[in-house]
1. Testing Glu600 on (1) in contact with a helix residue (DSSP H, G or I) (Cβ under 8 Å, 6 or more places away or on another chain); (2) at pLDDT 95 or above; (3) more than 23 Å from Thr394 (Cβ to Cβ), one condition comes back false. Which one is that?
2. Show me the strands (runs of 3 or more DSSP E) entirely contained within region 117-197 in which 1 or more residues are of a type outside the set (S, T, N, Q) and under 28 Å from the mean Cα position of the chain (by Cα).
3. Scan region 239-258 and tell me whether some residue there is within 22 Å of Asp300 (Cα to Cα) and without any contact (Cβ under 8 Å) to a residue 40 or more places away in the chain.
4. Where in region 643-701 are there strands (runs of 3 or more DSSP E), lying wholly inside it, with at least 2 residues that are out of contact with any Phe, Trp or Tyr (no Cβ under 8 Å at 6 or more places or on another chain), of a type in the set (Lys, Arg) and surrounded by fewer than 24 Cβ atoms within 10 Å (Cβ to Cβ)?
5. Report every pair of residues separated by at least 6 positions or lying on different chains whose Cβ atoms are under 6 Å apart, first residue within region 405-416 and crowded, with 16+ Cβ neighbours inside 10 Å, second of a type in the set (Phe, Trp, Tyr) and in a loop (DSSP other than H, G, I, E, B).
6. Any residue in region 701-723 that is in contact (Cβ under 8 Å) with a residue 60 or more places away in the chain sitting within a Cβ distance under 7 Å of a residue that is of a type in the set (Asp, Glu) and not in a strand (DSSP E or B)? List the pairs, counting only those 6 or more apart or interchain.
7. Exactly one of (1) within 34 Å of the chain's Cα centre (by Cα); (2) in a loop (DSSP other than H, G, I, E, B); (3) surrounded by 15 or more Cβ atoms within 10 Å (Cβ to Cβ) is unmet by Leu241. Its number?
8. What single numbered condition from (1) within 19 Å of Leu132 (Cα to Cα); (2) without any contact (Cβ under 8 Å) to a residue 60 or more places away in the chain fails to hold for Asn336?
Amino acid sequence: MQTKIKAYFGAGLIVVYLTCTLWANTAQAAPSHLPDDVLPVLGCWFWQEREFEPDGYKEFLDLVYKHAPYDLLTTSVRTPIKEVTDPHVHEQIKAAALYAQERDIQLAFDLDLRLARFAFFQKYPDEMQEMLILHELEPDETNETQVTIKSQDLGDHYTHRTTHYIPLNGRLERVLAYKRGPNGIKEDTLQDITGKCHFIKANKDEVSIKIPPKTVDPSYKICILVVFTHWMPDVFAPHLLEFQREILESYADVPLKGACKDEWGFPPCFDGNPEKNQFWFSKYRTAAYAERTNGRDLIDDSILMHAGIEGREQERISAINHFMAMSYERNAEIENDFYLAVKEYFGPDALVATHPTWWPYPDLREFKKNGLHWWAATRDWAQTDETTPFSVRTALAKKWQSPVWYNMYYATDVDQYIQHIWAGALAGGRVNYHPPWPSESITERRRRLLGGDLMRAECRVRLLNFITKTPLDCPVAVVFGHTCAMNWAGPGFNDVGMEIADSLWREGFPADLIPSSEIHNGSLSIDEEGTIRYGNQRYAAVVLYHPEFERPETSNFFRKAAEGRTALFQIGNWTKDFEGNTNPTLCRLPEKMQQSDDCESLIKALCKELDTQNIARQAPATDNLGGFAEKSNIPSRTGFCRLIDGTVIYTSAKQNTAGDKIEKTVKIDGTDVTFDAIGLAGIRLDKNGKLDAFMAGGLKHFKGNGIEIALEKRTDLALWKGEDGDFHGVLQEHKGTIPESLLQVTKDWIELECPAPLE
């Protein structure tokens, strides 16, 4: 009710203050949810069988209402034989959304077509995803050889309690023979021997053939090419976008905040296929490949991409580049059409959640999954998951003009959640709370999240949302060659420059990690003053990392940037273009660009440049972000950071989950500010050195530029100047009348409660 009143009358009006105070004193306690115009606290909700029982959704929503500060739940079905296209599923989701609204909780529901795979198959049975597998073996000179190639039972979180991306059928494409040389297949030996082999069977489980003895010379290799069709819509299916939109349109009558698209892409490959003998395939992708490569055949080029052919190295580079670019471009197209459709069917303010990241590290697993399309998958806020490096999170916040980034996180150890709450606050981020998974009962997982001081810590951090307008200030961008990183025939495969980015974070210079494809689509730009920028971030320095195989746009971009203010650095040579041709004219970067041969010398040069520009260091990121993916660096629970708009944030939470005491006098842009708080404090001064915004957990005392606040009881609060030039504020867990020192600053205060911990 308070939220609606504030939104209707506008912040700062005395009538709002009087109405809210009367409501709080006479009706019930202050609300525990943030106003609608403030970035929310996110939690996850995964539906199982109990949610589909009559009123089965009420248990979790009641629990959240009482014990969690979640304003928005990213929600998904995780139960067998239920698809979002089923009428009863639609009605249950609608009932849950209405019930959630009664508790000031909003739902963004997962309406991805992977949760309607049976419906898609019924409608478009010939548009399912295929995988092309190349199986190489030695010929047997004396005996007939029977070869059986097994299909793969693929699954991910979407199939944990549902049908896997199981194989539906298999077929033999062809059998090849060839001699290998030091640089690949000898082309004059390559031959099709399919007709010489005896077909046995092909089904969903396997493809089997027999190869007679002496079919080929014993010095040859034999390669069998088979295709399996899987229970997954083909990423290149012609009706995929249409079907995706039909699902969203069917939910337009449900009062949802928006819809989720989570970890989109091809079915997962948990090792990234290091042998490069598996290719996501279909007749539609084959046609698209032929169209973009002037008629080249994808099956023919699969052997070229896999093994290489002597004398055709340039063609191999080109084939890999086009194949991987197709993955990136098509998956981005699907994500972005989903985004547009959500806005069309749910309204312009509808939210698109959650994260496009699957494997939480930019490496060969994600290349195969989606072409590493993270920066091109449109979201309203930057969203990642698990242990995605912070340099990616901060970059995505710049891309989507997002004041904060959200990272969906789960762990078995509650201490890890605590680390992510406070480290995130020091890097402009928040946690989307995924319950511990999956070793404990649902009851125990909920207790560990909602009990104790974990949610109390979140309630303190959420007050930053009242004053946060911009993401973390990162003075450096590491721009990695997107094409080079994904090409296994090139010099920089599976290397996106994380060593450079992490080293800068450790030095106290946070860096954004950005693919060079963001140059090509115009997102990375040069402003009128000649500074490279990404969203609202202007860079003091930019590193171009392994630009081999780049397109002309990259050369043009940096030659123009050399005339401006951003210091330019390069590591890795650029000798070949996207098609694999040696092209000295195209592959030309400005002489002003400082080149280094190794990471260590580059970091020294970068730090020297930033110090010369008087770029202030922030707290060094010396903690490790561990987990099942590669490690990267993150800030600790205690430190300070600076946002783009000048907001400075201090945190301290090494001893206590909800925060430790911070008693400081700090100089911000030449102005002394003193505060005594618990957990964290955020301060922003305007261009005249006057207070523009301030928040603190457990504030006892604040003094700065003519404003002094002294409280008998510690109180969480946030204070900011509105567009009207007046201060407005929020108090959290405040009891009794509002102290005079606060009323002297402003009379426009709203009050929030923290939900009670789950016993």
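1. Glu600 satisfies all of (1) in contact with a helix residue (DSSP H, G or I) (Cβ under 8 Å, 6 or more places away or on another chain); (2) at pLDDT 95 or above; (3) more than 23 Å from Thr394 (Cβ to Cβ) except (1).
2. Qualifying strands (runs of 3 or more DSSP E): 128-137.
3. Just the residues of region 239-258 that are within 22 Å of Asp300 (Cα to Cα), to begin with: none.
No, that holds for no residue.
4. 661-668
5. Listed pairs, sorted by first residue: Tyr406/Trp381; Tyr410/Trp437.
6. So the pair list comes out as Asp716/Glu733.
7. Single failed check for Leu241: (2).
8. Only one criterion in (1) within 19 Å of Leu132 (Cα to Cα); (2) without any contact (Cβ under 8 Å) to a residue 60 or more places away in the chain is unmet by Asn336, namely (1).
The values are calculated or read from the model by the stated rules, or taken from the named source; none is laboratory data. As the structure is a prediction and not an experimental result, all values here were calculated from the model. No Cβ is skipped: glycine too gets one built from the backbone with ideal geometry, and neighbour counts run over all protein chains shown. Only protein heavy atoms, including side chains, enter the accessible area calculation; ligands, DNA and RNA are left aside. Shrake-Rupley method; radii C 1.70, N 1.55, O 1.52, S 1.80 Å.
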